[in-house]
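Colleague: Sharing a structure below in C-alpha cells format, with a few things to ask.
The values are calculated or read from the model by the stated rules, or taken from the named source; none is laboratory data. Note that the structure is a prediction, hence the values are computed from the model and not measured. Positions of Cβ are backbone-derived with ideal geometry, glycine not excepted, and every protein chain shown enters the neighbour counts.
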C-alpha cells in the first residue's frame, strides 16, 4: 500500500448505531476521514444519516473493499460475519479496526490475525478501554502499591436493551452477557498482571454458572470466577439486561479501588473517575479526569501507528486479543454455550467464503509411493488436537490451500471425536477423492487382530468414507504372530476398504516377520511404516509402546528397503523452539522424552545452520527428516495457523549428506 497521505481514508462496513458513533468520532478530524460506507442491505445504507456527507455509499461490502482509495476499514458487522469480512479486508490490503470481541471464538480470531500477518496490514480490536487515561492511572496506582497486594476483584456488569443498544443489537447470536463480560476478562488480566509482575496474566481456572434463557441458548444471570496465580480471585456478575450498576472493585491488603464504568467514560461529557479507599486513611481519594470522544482518540492513534509502519497497537496486541478469546471460549464451555457454527454437524464454509482449492504456487510438494495411485503431500497434518469444527475447518482449509492433502487420524483420538471432525469437514468440502486419509487402529490394550475390523468400520463411519487410503496398526503386540495381523488386513485390502497398510510403532524385525508371511502366502505385504523419526533422539517414549526409527540400524534398513516412512513427532514436539532450553523444565513431557546432552548439541547445530540458511531451527529439524535417503512424509500437528506457516518453509531447505551427518553428530563440520 502506498505511503499514507495526511488523512487516513476510512470505509465503514455496516450502517448501525456503532458505525454511526465511529463516524461521529471522525467528523472534522485531521488524521482521518470516512470516504465510504457499505451495507449488504440497500435500504439500510440509504437511511444512514446524511449529516456525515460520506461521498461513496456501497450496497455491498465487496464493492467497498474493491475501492482502491479506501485505506482502512472499520468493521461493525454482526459477529457471525465479522471473520469473513475481516479476512476479506486483509486480502484486499486494507488496514482493519474491528469491533470487539474480534470474532465468535478463538479459532476465527486466529484466522483474522493470520490474514493480517500474511497480508502485512494493521489490525486492531476496537477495545478503547485499554488506552483510556483512567485505565493507565489505575494500573499505575496499583503498581505503586496504593492498596497493597492485590487479592480480589469484583465486577458487576450490565446493559439495558433498548432500540439504541449497539452491543446487544449488533450481536444477537452471542448475547449481551458475554459482550459485557469480555470487558471484565480484559481488565482482570491487566490487574492480575500487575500482581504477578507482568503486563498481562492468564487465569489458571475458569468457573461459570447460569440459567438457560428460553430456547435461545444464551445464558441468563451468568456468574463467573477467574482464578489467577498469586491467589487472586475475580468474581464477575454480568447480566446484560437486569440493570445492575456497572462497577469494578479491586481489593488489596491495604485498601480498595472502586471504578464506575471501568471500560468507558461518560460518553456525553467524557468525564471519568475512580476512588481509592486506604484502610489507614479515613477519607477516600477520588481521582478525576476528562477525555475527548473515544472514537476520535482511537482513530487518531491508529492513523499514527499505520503512518509509523506498525501492524498492531501496543495497548491491544494480537496475542492479547487471542488470549482474551481463549478465556471467553473457556467461559462458554463452562456454561455449556455452543454457537450454531461450532456444532459438529454444521455445514461450515471456508473462512473467506470461497470454494476451497490449492493456492497458486502452493508450497507443499507431493510425491507418489509404489503401489498407491494418489500423490501424497510431503507434509501430513495430524488431527489429534482440534477442539471443535471451527478450529478444525480453519486448520484443514489452510493446509489444503498450502498444497497439503494427507491427514493422519486414529480410532483412539478423542474416542472418535477427532475422526468425526475430519469426517464432517470432508462432507462439507466434498473433496474426499482429492485427499489421502490415514487411519490407525488396534491401539493397546486392544492391539489384537480381532479388534481391527470393528474399529475400522467405526472409523470409516466417523469419517464419512468407505475406505482408508493408508491404514496403520497403531501398536504392535509381539505376543501375536505377525501373520494373524496380515490376514485380517488383507481381508479389508481385498474388499477395497484399505489401499495400503503397515505398522506404527513396530520394529523392523516384526515388519520383516509380517512380510515373510505375506510373501509365503502370496498376499499383500506391509508397504509403509510409521514410527517416530526426528533429529532429536527420543530419550524415553512419549507414550507407552512408542518406538523410534531414528537409530542408525533403522535408518540403514530404511535406506536399503526404501519403505516410505510416515514419522510422527517429526519436530520432536517443540524441542527445536524456544520452549526447550536447558534451564526450562516446566514441560515435563518435553523434558522426559527429549532432554539430553546429545540432543541439546543437535539443537545448537540446528540453530547455527538455520542462521546460515536464513530459516528457523524447526525448519532445519524438519528438513532433516525430509532430506533422508529414503521416502519420508513427516506428520506434524500444528494447533495454530502460525505453526503451519512457520513449518512449511522446511520443504524448501535442501540438506547435503554432510549436513545431515553434522546435525546428527556424526561429523564435526558441514564440509
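Colleague: Take the range 76-101 and flag every residue that is modelled with pLDDT of 95 or more and not in a helix (DSSP H, G or I).
Modeller: 92, 93, 94, 95, 96, 97
Colleague: With respect to the numbered conditions (1) crowded, with 19+ Cβ neighbours inside 10 Å; (2) more than 31 Å from the chain's Cα centre (by Cα), which one is the sole condition not fulfilled by residue 299?
Modeller: (2)
Colleague: Among the listed residues 645, 658, identify the single one that is over 29 Å from the mean Cα position of the chain (by Cα), surrounded by fewer than 17 Cβ atoms within 10 Å (Cβ to Cβ), at pLDDT 95 or above and in a helix (DSSP H, G or I). Give the derivation first.
Modeller: Numbers: 645 fails: over 29 Å from the mean Cα position of the chain (by Cα).
Only one candidate passes the filter, namely 658.
Colleague: Looking for whichever is assigned to a helix (DSSP H, G or I), over 23 Å from the mean Cα position of the chain (by Cα) and within 22 Å of residue 342 (Cα to Cα) here; the options are 461, 450, 433. Which one fits?
Modeller: Values: 450 fails: within 22 Å of residue 342 (Cα to Cα); 433 fails: within 22 Å of residue 342 (Cα to Cα).
Just a single option satisfies the conditions, and that option is 461.
So that you can scan it fast, the table gives a plain yes or no per residue for (1) over 23 Å from residue 303 (Cβ atoms); (2) in the same structural domain as residue 393 (by TED's automatic domain parsing); (3) in contact with a helix residue (DSSP H, G or I) (Cβ under 7 Å, 6 or more places away or on another chain):
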| site | (1), (2), (3) |
| --- | --- |
| 79 | yes, no, no |
| 85 | no, no, yes |
| 91 | no, no, yes |
| 101 | yes, no, yes |
| 104 | yes, no, yes |
| 114 | yes, no, yes |
| 119 | no, no, yes |
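Colleague: Test each condition in (1) surrounded by fewer than 18 Cβ atoms within 10 Å (Cβ to Cβ); (2) at pLDDT 95 or above for residue 270 and report the one that comes out false.
Modeller: If we test residue 270 against (1) surrounded by fewer than 18 Cβ atoms within 10 Å (Cβ to Cβ); (2) at pLDDT 95 or above, just (2) comes out false.
Colleague: Of all residues in the range 474-487 being in contact with a helix residue (DSSP H, G or I) (Cβ under 6 Å, 6 or more places away or on another chain) and crowded, with 20+ Cβ neighbours inside 10 Å, which is farthest from residue 383 (Cα to Cα)? Step through it out loud before you land on a result.
Modeller: Taking the range 474-487 first, the residues in contact with a helix residue (DSSP H, G or I) (Cβ under 6 Å, 6 or more places away or on another chain) are 476, 482-486.
Now narrow it down to the ones that are crowded, with 20+ Cβ neighbours inside 10 Å: 476, 482, 485-486.
Details: 476: 21, 482: 28, 485: 25, 486: 26 Å.
Ranking the candidates gives 482 first.
Colleague: Report yes if some residue within the range 109-132 is touching a strand residue (DSSP E or B) at 6+ places or on another chain (Cβ under 6 Å), on the phi < 0 side of the Ramachandran plot and without any contact (Cβ under 8 Å) to a residue 40 or more places away in the chain; otherwise report no. Working first, answer last.
Modeller: Step one: of the range 109-132, the residues touching a strand residue (DSSP E or B) at 6+ places or on another chain (Cβ under 6 Å) are 116, 121-127, 130.
Subsequent filtering for residues that are on the phi < 0 side of the Ramachandran plot retains 116, 121-127, 130.
Okay, now just the ones that are also without any contact (Cβ under 8 Å) to a residue 40 or more places away in the chain, so none.
Looking for residues that are touching a strand residue (DSSP E or B) at 6+ places or on another chain (Cβ under 6 Å), on the phi < 0 side of the Ramachandran plot and without any contact (Cβ under 8 Å) to a residue 40 or more places away in the chain, one finds none in the range 109-132, hence no.
Colleague: Exactly one of these conditions fails for residue 601: (1) out of contact with any helix residue (DSSP H, G or I) (no Cβ under 7 Å at 6 or more places or on another chain); (2) modelled with pLDDT under 95. Give me its number.
Modeller: (2)
Colleague: Go through (1) out of contact with any strand residue (DSSP E or B) (no Cβ under 8 Å at 6 or more places or on another chain); (2) assigned to a loop (DSSP other than H, G, I, E, B); (3) in the same structural domain as residue 406 (by TED's automatic domain parsing) for residue 537 and report which single condition fails.
Modeller: All conditions are met except number (1).
Colleague: Of the residues 356, 305, 322, which is touching a strand residue (DSSP E or B) at 6+ places or on another chain (Cβ under 9 Å) and outside the structural domain of residue 562 (by TED's automatic domain parsing)?
Modeller: Working: 356 fails: touching a strand residue (DSSP E or B) at 6+ places or on another chain (Cβ under 9 Å); 322 fails: touching a strand residue (DSSP E or B) at 6+ places or on another chain (Cβ under 9 Å).
Among 356, 305, 322, only 305 is touching a strand residue (DSSP E or B) at 6+ places or on another chain (Cβ under 9 Å) and outside the structural domain of residue 562 (by TED's automatic domain parsing).
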